[in-house]
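Okay, so here's the structure we're looking at.
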Amino acid sequence: MERILVSACLMGRRVRYDGGAKTSADARLAAWRAEERLVPFCPEVEGG
C-alpha cells in the first residue's frame, strides 16, 4: 500500500502560525485516514 504525505494542518494538527488547524472534510482524505495511508507532515515545524 502506498503512503500519502499530507499537510499536518489538514489532518487536524494545530501546527499553523495562529495555533490552529485547517481540518479537511474531503472524503478521500477520510478514506485514506481510515486505511492508515496518510503521513502527516508540516515543513514549517520540521524546519524549525
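Any read-out appearing in this document is the output of simple, stated calculations on the displayed coordinates, not a laboratory observation. Just so it is clear, the structure is predicted and the values come from calculations on it, not from any experiment. Cβ placement follows ideal geometry from the backbone for every residue including glycine, while neighbour counts extend to all protein chains displayed.
What do you reckon, is Ala21 surrounded by 14 or more Cβ atoms within 10 Å (Cβ to Cβ) and either of a type in the set (S, T, N, Q) or under 8 Å from the mean Cα position of the chain (by Cα) (or both)? No: the conditions fail for Ala21. Whenever a residue of segment 1-22 is closer than 18 Å to Gly47 by Cβ, its partners that are among the small types (Gly, Ala, Ser) and not in a loop (DSSP other than H, G, I, E, B), lying with C-beta atoms within less than 8 angstrom and at least six residues away or across chains, give the pairs Val15/Ala8.
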